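One structure is given below, encoded as structure tokens.
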Amino acid sequence: MDSADIAIIGGTASIDPGLLREARDVSVATPYGKPSDAITLGTLDGVRVAILFRHSRKHTIPPHLINHRANIDALHRLGVKRIIATAAVGSLQEDCSAGDVVIPDQFIDCSKEVHTFFGEGKFYHISMADPFCPDIRQALTGTAKRLNLRLHERGTYLRIDGPQFSTRAASKMYRQSADIIGMTCVPEAILARERQMCLAVLATVTDYDVWSDKPVSYDEIKRVMAMNIENTRKILHDTIRTLPIRGSCSCGSALEGAEA
């Protein structure tokens, strides 16, 4: 039977399918269309893990065309309980610099989309007061600390539509309310909560967003990206090995008392 307990969602470069033993690809059909790509299943120290490339393996799907509902529903159909979503982000704050690891605890959605599995008929008003799973966040921060990485244990992730980056004026405005900026993780967090799955974000900073006038060389960007990829792989490996399949969080009962 095709199944997994923990899933990793992320970009093509940051996830190595070689992390898993006995890896194989499976295609999962959903009522919402096709996921971004086939899902890789395997084991890591006995833990059943699924890997999904949100932009596809060949990185051909831009942020605004990702079928988030299909991606999350496919993982749910495989029995996934907990999701770690990796993200490359820009920094909105001076003290959050290139190469830093951020485990956000809040988000602001500046997109124009509606993110839900519920349409006309029966629906739920789920709570998103604390949008990311505290158990996974604690595990990720603990791992990053053990690895002596530059870490921000909390922060606010601001999501824009993309594929364009922000204007300088917008970036300066965003700085008043958020710490990092990206294009993908908010739909994943909302939809995972609607499916009563745990999700937390492992973000790595590539550079300062355009509010900053500091020039960045291409060589520096390549160096930071290589470091971020290696740090992401280390954190994922050590966290998944020790992360319980179920914990003390309330993510798995998100629909209780929320029916309209």
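Throughout, read-outs are computed from the coordinates displayed, never taken from laboratory work. Computed from a prediction, not measured in an experiment: that's the story for all the values here. In this analysis, Cβ positions are derived from the backbone assuming ideal geometry, glycine residues included, and neighbour counts consider all displayed protein chains.
Order of HIS115, HIS125 from fewest to most other C-beta atoms within 10 Å?
On the way: HIS115 18, HIS125 11.
Ranking HIS115, HIS125 by Cβ neighbours within 10 Å, fewest first, gives HIS125, HIS115.
Taking other Cβ within 10 Å of each residue's Cβ, how do GLU220, GLU120, GLU153 sort, fewest first? Can you show the working numbers first?
Working: GLU220 12, GLU120 5, GLU153 16.
Ascending Cβ contact count within 10 Å gives the list GLU120, GLU220, GLU153.
Once you list every other residue whose beta carbon is under 14 Å from the beta carbon of SER27, what net charge do they have if Lys and Arg are +1 and Asp and Glu are -1?
Every neighbour counted, the sum reads 0.
What length, rounded to one decimal in nm, is gained on full extension from GLU94 through to MET128, with 0.36 nm per residue of separation minus their alpha-carbon distance?
On the way: separation 34, 0.36 × 34 = 12.24 nm, distance 2.78 nm.
Difference between extended and current length: 9.5 nm.
Quick check on the chain: helices-only [θ] at 222 nm, where DSSP H runs of length 4 and up contribute -39,500 (n - 2.57) each and the sum goes over total residues. Nearest 500, please. Can you show the working numbers first?
Values: 5 runs with 65 residues, N = 260.
Computed mean residue ellipticity for the chain: -8000 deg cm²/dmol.
For the chain, what is the number of Lys pairs with C-alpha distance below 17 angstrom, counting only pairs 8 or more positions apart or on separate chains? Don't skip to the answer; put the middle values down first.
Working: LYS34/LYS58; LYS145/LYS234; LYS172/LYS214; LYS214/LYS222.
Within the chain, the lysine pair count is 4.
Indicate, rounded to the nearest 5 percent, the antiparallel portion of the DSSP beta bridges found entirely in the chain. Before the final figure, lay out each step's value.
Values: 15 of 43 bridges.
Roughly 35 percent of the DSSP beta bridges within the chain come out antiparallel.
What list do you get for ILE126, ILE9 if you sort them by fewest beta carbons within 10 Å? Provide the component values of the computation, followed by the final result.
Values: ILE126 19, ILE9 28.
Ascending number of Cβ neighbours within 10 Å: ILE126, ILE9.
So for the stretch 6-253, taking the charge dipole from beta-carbon charges (+1 Lys/Arg, -1 Asp/Glu), which of SER253, PRO63, SER166 sits furthest toward the positive end?
Checked the options; the winner is SER253.
Build a GNM of the chain with springs between Cα atoms under 10 Å: which of ALA192, ALA70, ALA29 gets the top mean-square fluctuation?
Most flexible of the set in this elastic network: ALA29.
Using alpha carbon centroids, what distance separates the stretch 161-190 and the stretch 61-134, in Å?
The stretch 161-190 and the stretch 61-134 have Cα centres separated by 13 Å.
Sticking with the crude label model, points 7 Å out along Cα→Cβ, report the distance from ALA226 to ASP2 in nm, one decimal please.
Output for this residue pair reads 3.7 nm.
Can you tell me the relative contact order of the stretch 6-253? Whole percent, Cα pairs under 8 Å, sequence separation 6 or more. List each step's numbers first, then the result.
On the way: 500 pairs, mean separation 66.3, N = 248.
So the answer I get is 27 percent.
Please list, in chain and number order, the residues 5+ apart from ASP207 or on another chain whose amide H is under 5 Å from its amide H, with Hs placed from the backbone.
For ASP207, whose amide H was placed from the backbone, the distant partners under 5 Å are SER91.
Long-range amide H contacts for ILE108: which residues qualify at under 5 Å (H placed 1.01 Å from N, peptide plane, sequence gap of 5 or more or a different chain)?
TYR157, LEU158, ARG159
LEU149 to SER56: extension gain in nm, 0.36 nm per residue of separation minus the Cα-Cα distance?
Working: separation 93, 0.36 × 93 = 33.48 nm, distance 2.85 nm.
Value of the extension gain: 30.6 nm.
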